Structures are given as structure tokens and as C-alpha cells.
Amino acid sequence: MKMLKTGKLAVFLAALVIVATALPLFASSLWDNNGSLFADRKASGVGDVIMVRVNEDIDDSDEGQTSSSKTTDENVNSGFGILDFIRAFGFGSSSAMSSNTTIERTKTIDARFSCLVVDVMPNGNMVIQGDRLLTSAGEKMNVRFSGVVRPQDVTHDNTVESIRVANAEIVVAGKGTISASQRPGIISQIMKMIF
């Protein structure tokens, strides 16, 4: 009887081992295998979000000078013979034009953008783009930031300074009462086209 119990136990254990090895095992863990104990997660793939600190000061000035002058002096002598009714006459004209133009622009942009990684280049550099629409008192301002970021320029808190972004492009476009008041009126535009 003892042998029968031992035999049944051996058969049961063998069946249990066969079933256990045939079925896949699943286990949950608190550890994320994609993470690291020593580093924060940084943007590295398409769809990841990266924070860009934009601090740009743009000073621009253009200066132009134009001058021109023209003098015309024409004379017709008196007629003779059959054309003696023609009297001598002359006319002259002169014109002068001078213009000095100076344009100075100063713009400061200090903002933070959450940009999406829209492409990863073969060398690992990330193409980023972010849009921000700001609306205040009837004014709409759309700011778009795009450029290329090297992975080593991304800091531990997943941010990058705008001066470290290659091919950085910042486009600011606004609509509203302030933008409309800075445009010349229709009559001024027509006069400018004619003259």
C-alpha cells in the first residue's frame, strides 16, 4: 500500500511538472524594465514630448538712403521763311528726390514650449515642433517653434535651451485689434502703390 501511495505521488508530480512546463508563466513586477534607477526618462522617439526653454532677444535695424536728380533743358529756334510765324521758345525742368529710411525692431521672446518629437534622424537627432495659441482681449497670437535637437543636449528634466536647437524656427503671427491698427489704411496702401 505504501508503494501504491508512492507510485501515485510520483505520477502526480510528473504530471504536474509536465503541465507546468507546457503552460506559459506570467508574473507581474513593480520594476519597469524600460526604466533606470539612475537616470530620468528623456524624449527619444517619435511622439515623445520635450520641453523647450525659449529665451531669444532679436535686435534688427535697417537703413537705406536714396537720392536722384534730373535736369532737362530744351530750346526751339525761331522759324524762317514760310515758318516765320514760329517764335523761339524754350523750356526746362528739373526734379530732385532724396530719401532716408531707418527701421529698428526689437523683439524678446521668453517662453516654454512643449514640443512633440515628429521625426528621429538616422544619427539619433530629433526633429521637434510645438504650437501655442494665446488669446487675450480679442488678440490671438500663434507661436510655432520647430528645430532639430541632439539627444545629449536634453537635460535630466527633459528640457532643452533654444540656443541648443539647430535650425530653430520661431514664427509669431497675430490677429486682432493691435495687429490691424499697425497695418496702413487702404488709402495709404493705394497711395504707396501709385507713388
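See the values below:
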{"read-out": "Qualifying positions in segment 145-174 - out of contact with any Phe, Trp or Tyr (no Cβ under 9 Å at 6 or more places or on another chain) and assigned to a strand (DSSP E or B)", "value": "Ser146, Gly147, Val148, Val149, Thr159, Val160, Glu161, Ala166, Asn167, Val172, Ala173, Gly174"}
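Let's see how each residue does on (1) surrounded by fewer than 10 Cβ atoms within 10 Å (Cβ to Cβ); (2) at pLDDT below 80; (3) in a loop (DSSP other than H, G, I, E, B); (4) not polar (S, T, N, Q):
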{"position": "Asn55", "(1), (2), (3), (4)": "no, no, no, no"}
{"position": "Ser61", "(1), (2), (3), (4)": "yes, yes, no, no"}
{"position": "Arg87", "(1), (2), (3), (4)": "yes, yes, yes, yes"}
{"position": "Ser98", "(1), (2), (3), (4)": "yes, yes, no, no"}
{"position": "Thr101", "(1), (2), (3), (4)": "yes, yes, no, no"}
{"position": "Leu116", "(1), (2), (3), (4)": "no, no, no, yes"}
{"position": "Asp119", "(1), (2), (3), (4)": "no, no, no, yes"}
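The values are calculated or read from the model by the stated rules, or taken from the named source; none is laboratory data. Computed from a prediction, not measured in an experiment: that's the story for all the values here. A quick note on method: Cβ atoms are made from the backbone with ideal geometry, for glycine too, and the neighbour counts reach across all protein chains shown.
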